Amino acid sequence: MTGPEKVALRDMRWWDIERVFQLERELFPEDAWSRGMFWSELAHARGPAATRRYVVAEEDGRLVGYAGLTSVGTAADGEEGGDGATGVADVQTIAVRRDHWGTGLGSRLLTELLRAATAFECAEVLLECRIDNVRAQKLYERFGFETIGVRKGYYQPGNVDALVMRLSDPSASVDRTEPQAPAIPVNGVEGTETHG
C-alpha cells in the first residue's frame, strides 16, 4: 500500500539522475529529457546564485516522482506579486510513477515548487502542459493556474500542442494548500560546494 505519508521529498542530487532518467523515459517515451538536460538543470540548483529547484520523491528507497522549477527574469508588464515579488518561475517538469497516481504526490511536488517560486521572489509561475494531459491540467487548475495560450507542436517528435498556463502570486496558492509534510529548505546544505 502506498500513501503520501510514506513518501519523502528531498533535493534532487547528481546521484539521482540515472533513476530520474529511467522514470522520465518510462513516463514520457516520446519526448523524454536527456541525462544531459538533467545535469544542466542541477548545475544551476545549488549555492547562493541558484535559479533552479529540483526535488525527488522516495518511498522505501524507491524513486516515485520528481519535479523541477526555474526562476527566470521579471514578471510580465512589471507586475508585482505578494511581498513585492517581481520574478517569474517556470515549472519545468513534474512526474509521478503510475502506481502513485491519485495519492496526492503530484500536489505535494507542485506545492514544493510553488514554495521555491515564493523563495525566489516570483510574482507568477508559468508552465506548459500537453493538451492531451487532462490529469495534469486538473491538478494545475486546482492550484489556480489559468490557461493563457497554446503553443502549437511544442512537444516533439509527436507534434503535440501545449497549453501555456499561469499562476499569479504563488505564495497565495501555497497558503491555500494544506501541508502534508514540512517544507524542504531551498538550497539546503548537503555535501559541499564542490562535491555536492
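For segment 75-92, the set of residues classified as out of contact with any helix residue (DSSP H, G or I) (no Cβ under 8 Å at 6 or more places or on another chain) and modelled with pLDDT of 95 or more consists of Asp90 only. Residues that are open to solvent by 30 Å² or more (accessible area, probe 1.4 Å) and over 24 Å from Gly65 (Cα atoms) within segment 115-139 comprise just one, Glu121.
Every residue, every condition in (1) open to solvent by less than 60 Å² (accessible area, probe 1.4 Å); (2) at pLDDT below 95; (3) in a strand (DSSP E or B); (4) out of contact with any strand residue (DSSP E or B) (no Cβ under 8 Å at 6 or more places or on another chain), yes or no:
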site: Arg10; (1), (2), (3), (4): yes, no, yes, no
site: Ile17; (1), (2), (3), (4): yes, no, no, yes
site: Val20; (1), (2), (3), (4): yes, no, no, no
site: Arg25; (1), (2), (3), (4): no, no, no, yes
site: Pro29; (1), (2), (3), (4): no, yes, no, yes
site: Trp33; (1), (2), (3), (4): yes, yes, no, no
site: Ala45; (1), (2), (3), (4): yes, yes, no, no
site: Ala49; (1), (2), (3), (4): no, yes, no, yes
site: Tyr54; (1), (2), (3), (4): yes, no, yes, no
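Scan segment 140-162 for residues that are open to solvent by less than 20 Å² (accessible area, probe 1.4 Å), farther than 21 Å from Gly87 by Cα and in contact (Cβ under 8 Å) with a residue 24 or more places away in the chain and the total you get is 1. Among the residues of segment 57-73, the ones that are closer than 14 Å to Leu105 by Cα, surrounded by fewer than 24 Cβ atoms within 10 Å (Cβ to Cβ) and among the hydrophobic types (A, V, I, L, M, F, W, C) come to 2 in all. Hey, could you check segment 169-196 for residues that are more than 23 Å from Asp11 (Cβ to Cβ) and open to solvent by less than 70 Å² (accessible area, probe 1.4 Å) and say which is modelled with the lowest pLDDT? Result: Ala172.
The values are calculated or read from the model by the stated rules, or taken from the named source; none is laboratory data. Nothing here was measured: the structure is a model prediction, and the numbers come from that model. Positions of Cβ are backbone-derived with ideal geometry, glycine not excepted, and every protein chain shown enters the neighbour counts. For the accessible areas, the whole protein counts, side chains as well, though only heavy atoms, and no ligand, DNA or RNA atoms are used. Shrake-Rupley method; radii C 1.70, N 1.55, O 1.52, S 1.80 Å.
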